[in-house]
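Report on the following structure.
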Amino acid sequence: MTKIITEKIKVAPSIDAEFNRVLSEDTFDSGATLISFVNPYSYMLLRKRKEVTIAVDYFYSDALVSCWIFSLLSFRKVPRISFDYGSFAKRFLETLNITGEPVFFIGAKEGEIEETVRLFKSSYPNLNIAGYRHGYFNSDKEREFVAQKIAASGSKFVVCGMGTPHQEKFGQLLKGTKGSIKQIYTCGGFLHQSSENIQYYPNWVNRFNLRWAYRAIKEHYVFKRLIMQYPQFLFFSLYDYLNNQKNK
């Protein structure tokens with residue numbers, strides 16, 4: 001419910017500080033941190049999945065509309081942070097290209113993830129990619145097998161792009177494994193989008209905060225989300241907040 005999501009947004013540290021904390025750690029015994037990014041669409045999918053939202057350590061807001069609402073409900077300014085090239089992903093890839101910490105990418109379709117990894121290697125030749133895989137499974141048994149394989153890959157970071165709530169559920173599964181994983185990031189459509197171009201949004205789109213309009217034109221299903229899910233988010237985010245306040 002919104003109490004969990006909003007409070008985790010409220011207490012979330014600077015994403016750069018959290019990233020730096022993990023980069024500086026030499027031990028692997030403190031468990032993995034699961035970080036996810038929520039917008040009006042994903043909020044509507046997560047609001048009743050309490051077991052999934054509990055598993056996420058920190059939420060960040062990746063849409064201007066949700067930033068405004070979460071700022072209002074959190075009584076603090078909530079900035080837009082997303083795992084895309086116009087936001088945190090660029091620093092993430094550039095940093096690991098220098099430091100060499102191993103990362104595993106999972107998500108998108110088979111051909112897409114292969115092309116994305118090829119572009120990553122081309123742009124970041126020193127990126128230590130411990131492995132990659134598409135984000136589709138035939139059974140729960142296969143999903144668990146892949147999670148164990150990732151845990152045993154030596155990866156310190158995992159980037160998971162399966163769409164909400166599948167990526168959060170898989171992140172929850174990864175948190176339960178034993179291995180070297182320190183940080184798990186969900187990334188929505190980033191791995192799929194990067195198969196065409198790592199910098200999916202043109203600079204002018206990022207500059208004027210027109211990502212929603214750009215995606216609505218380029219990906220037609222996004223337009224339907226804007227029409228249907230965003231008005232619902234405005235209503236239910238306030239409803240959930242008031243309901244939680246009443247039940248305190």
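The values are calculated or read from the model by the stated rules, or taken from the named source; none is laboratory data. Source: prediction; values computed, not measured. A quick note on method: Cβ atoms are made from the backbone with ideal geometry, for glycine too, and the neighbour counts reach across all protein chains shown. Accessible surface areas use protein heavy atoms only, side chains included; no ligands, DNA or RNA. Shrake-Rupley method; radii C 1.70, N 1.55, O 1.52, S 1.80 Å.
Computed extension gain for N20 through K149, at 0.36 nm per residue and net of the alpha carbon distance, reaches 43.9 nm. The angle between the Cα long axis of helix 2-11 and the main principal axis of the chain comes to about 60°, on a 0 to 90 degree scale.
Each of the GluC sites (Glu not before Pro) that DSSP puts in a loop and that has at most 14 other Cβ atoms within 10 Å breaks the chain; the longest unbroken stretch is 26-195.
Measuring with a 1.4 Å probe in the full set of protein chains, what accessible area per residue, in whole Å², belongs to segment 113-152?
In whole numbers, segment 113-152 has 63 Å² accessible per residue.
In the assembled protein chains, R21 presents an accessible area of approximately 90 Å² (probe radius 1.4 Å). Relative to the longest principal axis of the Cα atoms of the chain, the long axis of helix 140-151 lies at roughly 60 degrees. Legend: residue pairs K8/K109; K109/K169; K77/K121; K50/K90; K109/K182, Cα-Cα distance threshold 29 Å; pairs beyond threshold, K8/K109; K77/K121; K50/K90. The 3J(HN,Hα) values that the Karplus relation (6.51, -1.76, 1.60; θ = phi - 60°) gives for segment 108-120 are, in residue order, 6, 8, 4, x, 5, 5, 5, 5, 4, 5, 4, 5, 4 Hz. Gly and Pro appear as x.
Taking the accessible area of segment 1-145, probe 1.4 Å, and keeping the other protein chains in place, the carbon and sulfur fraction comes to 51%. Considering only S139, I54, G163, and ranking their Cα positions along the charge dipole of segment 28-167 that arises from unit charges at the beta-carbon of Lys, Arg, Asp and Glu, the one farthest toward the positive end is I54.
A simple rule links phi to the HN-Hα coupling: the Karplus curve 6.51 cos²θ - 1.76 cosθ + 1.60 with θ = phi - 60°, which for segment 33-48 gives 9, 9, 10, 9, 10, 10, 10, x, 5, 5, 4, 5, 7, 9, 4, 10 Hz, with x for Gly and Pro.
Here the sum of -39500 (n - 2.57) over DSSP H runs of 4 or more residues, divided by the residues of the chain, equals -16500 deg cm²/dmol at 222 nm, to the nearest 500. Loop-located chymotrypsin sites (Phe, Trp or Tyr not before Pro) across segment 92-180 with a Cβ neighbour count of 15 or fewer within 10 Å are Y136, with loop assigned by DSSP.
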